[in-house]
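The values are calculated or read from the model by the stated rules, or taken from the named source; none is laboratory data. Please read these numbers as outputs of a predicted model, since none were measured by experiment. Side chains are part of the model used for accessible areas, which takes the heavy atoms of the whole protein and leaves out ligands, DNA and RNA. Shrake-Rupley method; radii C 1.70, N 1.55, O 1.52, S 1.80 Å.
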Amino acid sequence: MKTKLLFFIPLLLIGCQPQTNRPEPSVYASEMHTAYLEYFGAYYAEEVLPRVVCALDCYSDGLKLNKKGVIEGSGTNLYISDIFLPAEQASTPGATMLPVGEYAADTSGTPMTFLPGQMFEGQITGAYLLRIEDDQLVNYTILPSGQLQVRYDGDTAVLHLEAVTAQKQAYTADFRGVMVFQDKSKASKHARSIRL
């Protein structure tokens, strides 16, 4: 009987060990159902950066903006601020479409780049994800690196983001639909940042 008991104990220990090769499931949704293209124009012209800038504000199923512009519901918000557009966009004021191509996270401010996620004076800005539950922020992460691919199928925008979170986890997001255009070029304040 002793031999049988010793034989079963190692099997029980092997069965109870955690599996470390399984990736942790993401708390952030990958399918975006609504996308706002916020146009800011040559926002940084006074700082000698004459690029046209826009932002992308995407929401998963379960989230929406109310009439006051406040996020409501439960789901994921993907925000990418400071998308620097090609030079030819400067000659098309108020262009309502994000140009086709691939944009990379970069701090240079050159065309076809966007600001990577970062903490700045206690706020998150650039590219980041928010997890909202019952109108409350419950989790967030910045996206310090990534690429955004933009193409169109008629009027339908097809967006694909491949990024890495601050926790070094791969994250992808997709949107297929008509983006809602918002002209914020006359606004006194630039793209939002979230104070934590």
*Under the Karplus relation 6.51 cos²θ - 1.76 cosθ + 1.60, θ = phi - 60°, what is the ordered set of whole-Hz ³J(HN,Hα) values for the stretch 133-143, x standing for Gly and Pro?*
10, 6, 6, 10, 6, 10, 7, 8, 8, 8, 10
*Rounded to a whole number, what % of the accessible area of the stretch 71-177 do carbon and sulfur atoms account for, probe 1.4 Å?*
49
*Quick one: Karplus J couplings for the stretch 101-116, per residue in order, coefficients 6.51, -1.76, 1.60, θ = phi - 60°, nearest Hz, x for Gly and Pro?*
x, 10, 10, 10, 5, 6, 9, 6, x, 7, x, 6, 10, 9, 5, x
